[in-house]
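The values are calculated or read from the model by the stated rules, or taken from the named source; none is laboratory data. Owing to the predicted nature of the structure, the values given are computational and were not obtained by experimental measurement. Cβ coordinates were reconstructed from backbone atoms using ideal geometry, including for glycine residues, and neighbour counts include every protein chain displayed.
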Amino acid sequence: MDRSSAVVYVRAVKIGDVEMGLAKIAGKPMIEYVLDSVPDEVDEIVIAVENGAGIEVYDQVAEKYFARTEKAGKLEGNVRKFVEFAVDTVEGDQLVILPCNAPLITRDFTTFLLECSRKFSGAFPRSPTRKASYLMASYRKKPFKEAFDSFPNEDMDGIVKKVRGTLYLASNSLRIFDEKLGMFFRVSSTQDLRRAEKILKMRRKRS
């Protein structure tokens, strides 16, 4: 059976005076909501910290989730750079990348992404504005590693076009997992933290 990996990407920024992933929602570090969504069948979890900034503050979280921390390069708008890093870093043949600031993401959705990687070389959700997400997506390691090695000057859009068997997921098709498409919500401010907390409390009341 193919091994699978999950990489949670942490931006090297702060919300208030707290590292982004450790900013709390209802008393819980935001990154833990994302880690809780990782499917049980994943064999390896990597917390990839942009530029290695403050990486040690994630050691306790990594230990709790049987994960390891890795220093990723600075993104600087270069999505390909990070995806290539993730592909080179993980041991699994199947890979799910998730952003640390997406606390509304659900396990049903991430499990679906992982299942897509068993059938497709890559699966990329499209936001309601039809923008493809490469940092909340699934990949098969081999075809993407080959594409990165063969086309060093292509951006991520170009790389995906070089790989056969990829799939774009229309946002409307993802409403089966969350009618409000919460997986696309990104926290970048204290106001966003409060909004996410309200949504999570409403979810708990409905469940």
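Structural remarks
- Beta carbons closer than 7 Å, at least 6 apart along the sequence or on distinct chains, pair a first residue in the range 142-161 that is at pLDDT 95 or above with a second that is small (Gly, Ala, Ser) and assigned to a helix (DSSP H, G or I) for 151/158; 159/147.
Condition check ((1) over 30 Å from residue 88 (Cβ atoms); (2) out of contact with any helix residue (DSSP H, G or I) (no Cβ under 6 Å at 6 or more places or on another chain)) across all residues:
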site	(1), (2)
143	no, yes
152	no, yes
156	no, no
174	no, yes
182	yes, yes
194	yes, yes
204	yes, yes
207	yes, yes
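- Number of the condition not met by residue 62 [criteria: (1) surrounded by fewer than 23 Cβ atoms within 10 Å (Cβ to Cβ); (2) in contact with a strand residue (DSSP E or B) (Cβ under 6 Å, 6 or more places away or on another chain); (3) modelled with pLDDT under 95]: (3)
- Elements of type strands (runs of 3 or more DSSP E) contained in the range 1-100, each with 2 or more residues being touching a Ser or Thr at 6+ places or on another chain (Cβ under 7 Å): 44-50, 94-99
- The range 29-43, subset at pLDDT 95 or above and over 14 Å from the mean Cα position of the chain (by Cα), residue nearest to residue 116 (Cα to Cα): 43
- Screening the range 162-183 for residues that are assigned to a helix (DSSP H, G or I) and either touching an Asp or Glu at 6+ places or on another chain (Cβ under 8 Å) or touching a residue at least 60 places away in the same chain (Cβ under 8 Å) (or both) and picking the one that is surrounded by the fewest Cβ atoms within 10 Å (Cβ to Cβ) gives 162.
- Residue that is surrounded by 17 or more Cβ atoms within 10 Å (Cβ to Cβ), out of contact with any helix residue (DSSP H, G or I) (no Cβ under 9 Å at 6 or more places or on another chain) and in contact (Cβ under 8 Å) with a residue 40 or more places away in the chain, where the choices are 44, 50, 84: 44
- Some residue of the range 118-128 being closer than 22 Å to residue 35 by Cα, surrounded by fewer than 22 Cβ atoms within 10 Å (Cβ to Cβ) and over 15 Å from the mean Cα position of the chain (by Cα): yes
- Meets criteria (free of Cβ contacts under 8 Å to residues at least 60 places away in the same chain, small (Gly, Ala, Ser) and farther than 25 Å from residue 193 by Cα) for residue 27: no
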